[in-house]
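S.K.: Here it is: the structure, laid out below.
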Amino acid sequence: MLSSIHPLGERARHNRWALTVTAFTMGAVISGSLMGLALGAVGRAMAPLGSTGLLIATAVAALLAGALDMAGVQAPGPSRQVNETWIGAFRGWVYGGAFGLELGLGLVTYVVTWGVYATYLAALATASPTLGAVVGATFGLGRSLSLWLAAYVDRPSRLVSFNRRLASAGPIVRRASAVAFAVLGVGLIAGGVL
């Protein structure tokens, strides 16, 4: 999908790329924050049972997410992506917003990292709808940033170059994400959560 939403493609479809990507970003941030808000509210309801338990679970989940991603264990989840036929059927802001809403939720499309589950647990562990919403909004924003990287793709040669770089960066980004989650888990543990 990322290789389909760039200035060159949007111009060919008579859409404005910036509007499509802004709608995507807004959709991802909105749905991510709503999911985080809901999880934070559930965490608040569970807090009397022991907020320390939620923090311990988050630390372990982050460490485990990083380890599983580094080991190459596929995260469970749906095997579907967004419906790319919408790209030719709707205006850019419509499919941009819809794709963002789906990806901001994290679990309604293909799950590429165990970190999605660790992030959800972190929103739950905040035991606060407000802080949970911040965690979710940050997740949604992170999901949308990759589209902004295509801002310079305004001719076919740049699209080819962009797709090559994107493909070669994939393994590096996956490893960096796995290491970041593992370090977060270790940091929480070392910081006295456990």
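S.K.: Quick one: if you stick a label point 7 Å off each Cα along the C-beta vector at residue 4 and residue 152, how many nm between them?
M.R.: Those two pseudo-labels are separated by 2.6 nm.
S.K.: Listing 154, 69 from the residue with the fewest other Cβ atoms within 10 Å to the one with the most, what is the order?
M.R.: Details: 154 14, 69 24.
Neighbour counts put them in this order, fewest first: 154, 69.
S.K.: A follow-up question, please. May I ask which residue of 152, 101, 76 lies farthest towards the positive end of the charge dipole of the chain, with charges of +1 (Lys, Arg) and -1 (Asp, Glu) on Cβ and the Cα centre as origin?
M.R.: Sorting the options by dipole projection puts first 152.
S.K.: Then there is this: Per-residue ellipticity at 222 nm for the chain, helices alone: DSSP H runs ≥ 4 residues times -39500 (n - 2.57), over residue total, nearest 500 deg cm²/dmol? If you can, show how the numbers build up before the last one.
M.R.: Working: 8 runs with 139 residues, N = 194.
Helix-only estimate at 222 nm: -24000 deg cm²/dmol.
S.K.: If you wrap segment 88-194's Cα atoms in a convex hull and average its projection over all directions, what's the area in nm²?
M.R.: Working: hull surface 35.2 nm².
Hull-based average projected area comes out at 8.8 nm².
S.K.: To continue, here is another question. In nm, to one decimal, how far is the residue 141 label point from the residue 64 one, both placed 7 Å along Cα→Cβ?
M.R.: Modelled inter-label distance: 2.9 nm.
S.K.: Select from 118, 52, 85 the residue farthest towards the positive end of the dipole of the chain; place +1 on Cβ of Lys and Arg, -1 on Cβ of Asp and Glu, and compute about the Cα centre.
M.R.: Ranked along the dipole, the leading option is 85.
S.K.: If the only charges are +1 at each Lys and Arg Cβ and -1 at each Asp and Glu Cβ, what is the size of the charge dipole of segment 1-157 around the Cα centre, to the nearest 20 debye?
M.R.: Working: 8 positive and 5 negative charges, 59 e Å.
Rounded to the nearest 20 debye, it is 280 debye.
S.K.: Please state the Cα pair-distance histogram of the chain with 10 angstrom bins from zero: what percent is in each bin?
M.R.: Reading the bins upward from 0: 10, 31, 34, 18, 7, 1.
S.K.: How much length is gained if the chain between residue 46 and residue 12 is pulled fully straight, taking 0.36 nm per residue apart and subtracting their Cα-Cα distance, in nm to one decimal? Write down the numbers at each step before the final one.
M.R.: Working: separation 34, 0.36 × 34 = 12.24 nm, distance 5.07 nm.
Length gained between residue 46 and residue 12: 7.2 nm.
Readers should treat all values here as calculations from the given coordinates under stated rules, not as data from a laboratory. Remember, it's a predicted structure, so these values are computed and weren't measured experimentally. Reconstructed Cβ throughout: ideal geometry from the backbone, glycine too, with neighbour counts over all protein chains shown.
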